[in-house]
1. Got a number for carbon plus sulfur as a percent of region 78-166's accessible area, 1.4 Å probe?
2. Which value, in debye to the nearest 20, gives the size of the charge dipole of region 41-158 about its Cα centre, when Lys and Arg are +1 and Asp and Glu are -1 at the Cβ?
3. Treating only the Cβ of Lys, Arg, Asp and Glu as charged (+1, +1, -1, -1), what charge dipole size does region 20-97 show about its Cα centre? Round to the nearest 20 debye.
4. Report, ordered by chain and residue number, the aspartates and glutamates lying within cross-link reach of K45, taken as a straight Cα distance under 16 Å and ignoring same-chain residues fewer than 8 apart.
5. Just subtract the alpha-carbon distance of E179 and R131 from 0.36 nm times their residue separation and send over the number in nm, one decimal.
6. Could you compute the FRET efficiency for N293 and L255, with r as their C-beta to C-beta distance and R0 at 25 Å, rounded to 0.05?
7. Using 1/(1 + (r/R0)^6) with R0 = 25 angstrom and r between the beta carbons of K98 and A276, what's the FRET efficiency to the nearest 0.05?
8. Roughly how many nanometres apart are two label points built 7 Å out from the Cα toward the Cβ at L311 and L240?
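The values are calculated or read from the model by the stated rules, or taken from the named source; none is laboratory data. This is a predicted model, so every value here is computed, not measured. Positions of Cβ are generated from backbone atoms using ideal geometry, with glycine treated the same way; all protein chains shown enter the neighbour counts. SASA here: full protein model, heavy atoms, side chains in, ligands and nucleic acids out. Shrake-Rupley method; radii C 1.70, N 1.55, O 1.52, S 1.80 Å.
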Amino acid sequence: MKRSVIAASALILSLSFAPRALADPTAEDRAAADVLFREGRVLIKQGRHALGCSKLAASQKMDPMAGTLLALADCYELNGETASAWATFNDAEAMARKAGDRRRAQEAGRRAGLLEPQLSRLVIEVAPEARVEGLEVRRNTKPLDAAMFGSAIPVDPGEHTIEVVAPGKTSWSTKVLVEPKPGQRTVRVPLLEDAPTPEAPAAPTPERVAPAPAATSAAPAASSWSAQRTVGLVLGGVSLAGIAVGAVFGVETLLKMSEARNRHGCTNDDPPRCDAEGVKLHQDANTTANISNVAFAAGGAVLITGLVVFLTAPSSDAMPPTVLEVRLGPATRVGTAGLSLRGSF
């Protein structure tokens, strides 16, 4: 089976260099599509099928060709995406027939016919009593047409998330694992329960006015805790908040960089080489890293200031009461990100 797939892949690559099926793209589009196609082929030979398929798909979008569709379908099959491969082989057959390319059309039809018995299928059953008004069923966040309910639809093997929502009802979701082999899995959507009615807020209880304390001639005792020490403690709390913000954004930066490398094949070059979603993850990671650095720096500076204020405070309140206001929040400008600290006392 492996030898036959490799032989068919070689045949498809040889067919992919025939004349284009459609003509409208500009010369610049064709040049970009050729580069993407060649890069995709290299990635597939290296075993990096997911990234190679994304290159071929981008090439096809810029300059539609039956040969590119054949190569893309073959890439999907090598990557285990059997439903995507089968559908793309059928698209390639239709495009080739329309262009009068009999050889490509026959090869695409032959590959689609070989692949169809191997398809994994998913059935989503919704009983008539469960089909309430406004019901929406989604598979991997994509809404499904009601005509698909009960039909064995080809899907790519792997985990699929089924979500069901309706107005006034409690949403329902489940995950189903479709194995890479012929057959079908069935998901039955239950009758959604009514959403709980929000409770009305309780009426406020009338406040009781406490009697005024009797006047005394004795002077209040002097406080041994000064307002300046309070300011120092508050600044210490603000510094901890800044450090916590820095830690959160630091962890988020690591997660984004890891996802860009592992799921989108991003390199460590500057700028990185990867697909569009990977580049976006790199950009987001740079932003969160900047916020983390600024938060750590601001937290450290405020902590030092708080220590100085606390340690230099007098032992009693000789000054009038102090009002302290400290605000820590994001500071954003075009192309930059950071945090700002404002205070008055």
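1. Values: 2190 of 4560 Å².
That share works out to 48 percent.
2. Details: 17 positive and 15 negative charges, 128 e Å.
Charge dipole, region 41-158, about its Cα centre: 620 debye, nearest 20.
3. Numbers: 9 positive and 11 negative charges, 46 e Å.
In debye, rounded to 20, region 20-97 gives about 220.
4. D74, E77
5. Numbers: separation 48, 0.36 × 48 = 17.28 nm, distance 2.84 nm.
Between E179 and R131, full extension yields 14.4 nm more.
6. Numbers: r = 17 Å, r/R0 = 0.67.
My answer for the efficiency is 0.90.
7. Details: r = 29 Å, r/R0 = 1.18.
With a Förster radius of 25 Å, E is 0.25.
8. Inter-label distance under the simple model: 2.0 nm.
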